[in-house]
1. Failed condition for Glu92, given (1) over 17 Å from Ser217 (Cα atoms); (2) out of contact with any Leu (no Cβ under 9 Å at 6 or more places or on another chain), with all others met?
2. When Thr208 is evaluated against the numbered criteria (1) at pLDDT 95 or above; (2) outside any helix (DSSP H, G or I); (3) more than 18 Å from the chain's Cα centre (by Cα); (4) polar (S, T, N, Q), which criterion, by number, is the only one it fails?
3. Hey, can you tell me all the residues within the stretch 230-254 that are crowded, with 21+ Cβ neighbours inside 10 Å and either within 22 Å of Ala199 (Cα to Cα) or of a type in the set (Gly, Ala, Ser) (or both)?
4. How many residues are in contact with a Lys or Arg (Cβ under 9 Å, 6 or more places away or on another chain), among the polar types (S, T, N, Q) and either surrounded by fewer than 17 Cβ atoms within 10 Å (Cβ to Cβ) or without any contact (Cβ under 8 Å) to a residue 12 or more places away in the chain (or both) when one looks only at the stretch 202-229?
5. Checking Gly195 against (1) under 30 Å from Cys20 (Cα atoms); (2) more than 16 Å from the chain's Cα centre (by Cα), only one condition comes out false. Which one?
6. Do you know which residues across the stretch 159-192 are in a helix (DSSP H, G or I) and either modelled with pLDDT under 95 or crowded, with 19+ Cβ neighbours inside 10 Å (or both)?
Amino acid sequence: MLKLDYDLETVKAKAQWIRCLIIEAVHAARSGHPGGPLGLADIFAHLFFGVLRHQPARPDWADRDRLLISNGHVCAVRYAAMALSGYFPREELKSFRRLGSFLQGHPSTKFLPAVENSSGSLGQGLSQATGLSLGLRMQKNPARVFCVMSDGECGEGMTWEAAQAAVHYQAPVIGILDYNGIQIDGFVKDVLNLGDLSAKFRAMGMRTLEADGHDHSAIHAAFQDALAFTSGPQMILFRTVLGKGVSFMENDPAWHGKPPSDSEAAQALQELGLANLPALSVA
């Protein structure tokens, strides 16, 4: 059985650094989405510093694990994790969302070939990941395919068409659902109540797991469990808090897509403990 062996305390520190870099990037851009990325920081810390098989110096390595982001507006969390991993210098985050920057407001393979998919229109990621996983299986490539999604985009019919196809073809894809209950127009239950998403994915035939997206032991256990299963599609529903770590952003739909002011950014970085974090080092 594959064993995920990495230090949780190191990952916790990486997660806080990721949160700080998110605030810095969105603040510098004067636009962007801080809430979702802050909520996903713990999960991305585990992905980039323990779960994914990847080589920042060789982003085109054929056997790398593939990580797709369906909800592309949360890309600040991916860019921050990539900078910490050594894909590019931290200073590049200051160019986030600028004209001509390779760090576009939604990931683009045209501008940044190291990402696995271009995203913007919601609901497409699971389809892309399903097809990619099937293609890799045909090639007998050992790479694993992960797809980060949002709960709000599950209001899109394409998500469920992809789930049906994944089950029918037993695609070895691992979905990662950001289950924070919030989308751009407010709380998901008020915009379009999606009911019990865990039960729905399970009813479609997907192996379904649930975990606290801020409990590092639970995140580790969920990925360990998922990677031990190789017989078909899975969905991990991580319950997260939008804006996690910043008191005035937490669980507030207003912070889905609003940059912090100078004073708000300073307060956020203080609350995140920037001054007390271990020295930043590239993995």
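The values are calculated or read from the model by the stated rules, or taken from the named source; none is laboratory data. Nothing here was measured: the structure is a model prediction, and the numbers come from that model. Cβ sites come from the backbone with ideal geometry, for glycine too, and all protein chains shown count toward neighbours.
1. Here Glu92 meets the rest and fails (2).
2. (3)
3. Within the stretch 230-254, Pro233, Gln234, Met235, Ile236, Leu237, Phe238, Thr240, Gly243, Gly245 meet the criteria.
4. Counting residues in the stretch 202-229 that are in contact with a Lys or Arg (Cβ under 9 Å, 6 or more places away or on another chain), among the polar types (S, T, N, Q) and either surrounded by fewer than 17 Cβ atoms within 10 Å (Cβ to Cβ) or without any contact (Cβ under 8 Å) to a residue 12 or more places away in the chain (or both) gives 1.
5. (1)
6. Residues of the stretch 159-192 in a helix (DSSP H, G or I): 159-168, 188-191.
Those that are in a helix (DSSP H, G or I) and either modelled with pLDDT under 95 or crowded, with 19+ Cβ neighbours inside 10 Å (or both): Thr159, Ala162, Ala163, Ala166, Val188.
Conditions (1) farther than 27 Å from Val11 by Cβ; (2) at pLDDT 95 or above; (3) surrounded by 21 or more Cβ atoms within 10 Å (Cβ to Cβ); (4) more than 15 Å from the chain's Cα centre (by Cα), marked per residue:
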| position | (1), (2), (3), (4) |
| --- | --- |
| Glu92 | no, yes, no, yes |
| Leu99 | yes, no, no, yes |
| Phe102 | no, yes, no, yes |
| Gly125 | no, yes, yes, no |
| Ser150 | no, yes, yes, no |
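Matching residues to (1) of a type outside the set (D, E, K, R); (2) touching a Phe, Trp or Tyr at 6+ places or on another chain (Cβ under 6 Å); (3) not in a loop (DSSP other than H, G, I, E, B):
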{"residue": "Arg98", "(1), (2), (3)": "no, no, no"}
{"residue": "Gly123", "(1), (2), (3)": "yes, no, no"}
{"residue": "Leu126", "(1), (2), (3)": "yes, no, yes"}
{"residue": "Ser133", "(1), (2), (3)": "yes, no, yes"}
{"residue": "Leu136", "(1), (2), (3)": "yes, no, yes"}
